[in-house]
1. Please turn the phi angles of the stretch B:54-64 into ³J(HN,Hα) values with the Karplus equation 6.51 cos²θ - 1.76 cosθ + 1.60 (θ = phi - 60°), one per residue in order, whole Hz, x for glycine and proline.
2. Mind checking the stretch A:1-109 for trypsin sites (Lys or Arg not before Pro) that DSSP puts in a loop (not H, G, I, E or B) and that have at most 10 other Cβ atoms within 10 Å?
3. Given +1 on the Cβ of Lys and Arg, -1 on the Cβ of Asp and Glu, and no further charges, what dipole in debye does the stretch A:45-106 carry about its Cα centre, rounded to the nearest 20?
4. What is the set of long-range amide H partners of A:E8 at a cut-off below 5 Å, with H atoms built 1.01 Å from backbone N?
5. Using modelled amide H (1.01 Å from N, peptide plane; none on Pro or chain starts), what sits under 5 Å from the amide H of B:M19, excluding residues fewer than 5 places away?
6. Using a ≥ b ≥ c from the Cα gyration tensor of chain B (square roots of the eigenvalues), is it rounded, prolate or oblate, where a/c under 1.5 gives rounded and otherwise the larger of a/b and b/c decides, a/b for prolate?
7. At 7 Å along Cα-to-Cβ for each site, give me the label-to-label distance between A:R42 and B:T70 in nm.
8. Taking beta carbons within 10 Å but only from partner chains, what does the mean come to for residues B:36-42?
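Readers should treat all values here as calculations from the given coordinates under stated rules, not as data from a laboratory. Computed from a prediction, not measured in an experiment: that's the story for all the values here. Methodologically, a virtual Cβ is constructed for each residue, glycine included, from the backbone with ideal geometry; neighbour enumeration extends over all protein chains shown.
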Amino acid sequence: AQSVAQPEDQVNVAEGNPLTVKCTYSVSGNPYLFWYVQYPNRGLQFLLKYITGDNLVKGSYGFEAEFNKSQTSFHLKKPSALVSDSALYFCAVRDKGSSASKIIFGSGTRLSIRP
Amino acid sequence: NAGVTQTPKFQVLKTGQSMTLQCAQDMNHEYMSWYRQDPGMGLRLIHYSVGAGITDQGEVPNGYNVSRSTTEDFPLRLLSAAPSQTSVYFCASRPQTSGASTDTQYFGPGTRLTVL
């Protein structure tokens, strides 16, 4: 069975500081990994994904994520946080061998950037 | 393009009432899905469709029906609402071609449903 965990319900960071939102996963085969962001009263928006190749993936709004196979992690990072980055972030995973309908979302991490 | 649209934005029902949540997309995507979002639980798949006339159950299908008569529309029906169905409902769509490059989904703004 596949699963994804976001161990932090909330992350608080000062504007201008680096931020990390953690995600770990479990799949039986090789993973496809995704990050989505949800702003208040909006649907989820795609940020970035890891399919294969370079372990460091760059996405929208200056975000990046690093795939670490040995630690089964896919942490989201940004070198310098903005107040506008405050939102709810979801990690998602599915096994490459499974149907695309089998994507699993994490419980979400609320990122709060203080001025 | 309007993308994925959902109506209504908010709805309050009494236990036992029925209603339909509407979802439409104008991107000619074959794949559409319905999720519910509950605090601390992420998104859970209710039903999905890979094309007109084809639907299948997701992780939490009980109490919900769907149909897909056109590519554009994918309504979700609550047959007899229960308080456990209080949630935020999201519709999503994506192209239906092979490979994870198409896993990127486009989400609607959501419907916040309260069942009393």
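1. 10, 9, 8, 7, x, 6, 10, x, 5, x, 10
2. Listed in order of number, the matching sites are A:K69.
3. Magnitude of the dipole: close to 160 debye.
4. A:K22
5. Residues meeting the amide H criterion: B:L78.
6. Prolate is the answer for chain B, as a/c is 1.5 or above and a/b outweighs b/c.
7. 2.8 nm
8. Mean shielding count: 4.
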